[in-house]
Amino acid sequence: VSKDFEIFYYNDTYFPNVKSHTHNYYEFYFFLQGKIDLMVSEHAFPMNAGDIALIPPGIPHYMVNRDESVPYRRFIFWVSQEYYEQLKQLSSDYSYIINQAIEKEQYVYHSGMSVFNTLHSKCYRLLEEIHTEHYGKDTQITLCINDLMLHLNRIAYENLHPIKHSEDQSLYISLMQYIEEHLEDDLSLD
């Protein structure tokens, strides 16, 4: 659709196994639901809701569906090599996640649901802008893509460099951290 990027939302109840293949663009997966293994160069990565994967150009990969009774829902975001090079010229902050994939074969990142929900909303914002005819649409799409790419780099960096708090961190920070890490659990006052 675009020479620079594409973004799609998919919801499959039947997902036939796809053979190993490669692309000439960067392919991001944002997993929402499913029992899927991401196979990258014959290494299996079981994927869970909230996981993010990046497959660089030329890297063989495919998905294996472990349970067809569970819908396979995800966003797929493709970025051309040319567009990535443009972003890299703007700032090296856009290149962390891609460098990790290329240099260290770091393809998968696990994120908490609050982090993933922010990513999810950025995808919807981009899709919404693509499908409307507002003034400044093309400029806003560029801003949305750049914001999404920077957010992905932050997730990758913070995933590999967790913030360590001192032992005397405040009660407020401890509570906020606990709540964020247990959003889907039954939270009580205790």
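The values are calculated or read from the model by the stated rules, or taken from the named source; none is laboratory data. Bear in mind that the values here come from a model prediction, so they are computed numbers and not experimental data. Neighbour counts are summed over all protein chains in view; Cβ atoms, including those assigned to glycine, are modelled from backbone coordinates with ideal geometry. To get the accessible areas, we keep the full protein, side chains included, count just its heavy atoms, and leave off ligands, DNA and RNA. Shrake-Rupley method; radii C 1.70, N 1.55, O 1.52, S 1.80 Å.
Data table
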quantity: Spherically averaged projected area in nm², based on the convex hull that wraps the Cα atoms of the chain; calculated: 13.7 nm²
quantity: Computed label-point distance, nm, for sites residue 70 and residue 48 using a 7 Å Cα→Cβ extension; calculated: 1.0 nm
quantity: Value of [θ]222 nm, deg cm²/dmol, for the chain, DSSP H segments ≥ 4, -39500 (n - 2.57) each, nearest 500; calculated: -12500 deg cm²/dmol
quantity: Estimated D of segment 51-90 in µm² per second, where Rh is the Kirkwood radius over Cα pairs and Stokes-Einstein applies at 25 °C, 0.890 mPa s; calculated: 188 µm²/s
quantity: Dipole-positive endmost among 110, 178, 132 within the chain (Cβ charges, Cα centre); calculated: 132
quantity: Full-extension gain in nm, residue 88 to residue 13, via 0.36 nm per residue minus C-alpha separation; calculated: 23.2 nm
quantity: Where 125, 73 fall by accessible area, highest first, once all protein chains stay in place (1.4 Å); calculated: 125, 73
quantity: ³J(HN,Hα), Karplus 6.51/-1.76/1.60, whole Hz, each residue of segment 138-145, x for Gly, Pro; calculated: 4, 5, 5, 4, 4, 4, 5, 5
quantity: 10 Å-binned pair-distance histogram of segment 80-180 (Cα, whole percent); calculated: 13, 35, 32, 16, 4, 0
quantity: Dimensions (Å) - segment 1-70, Cα atoms, principal axes, largest first; calculated: 35, 26, 21
quantity: Rounded accessible area per residue of segment 43-190, 1.4 Å, Å²; calculated: 61 Å²
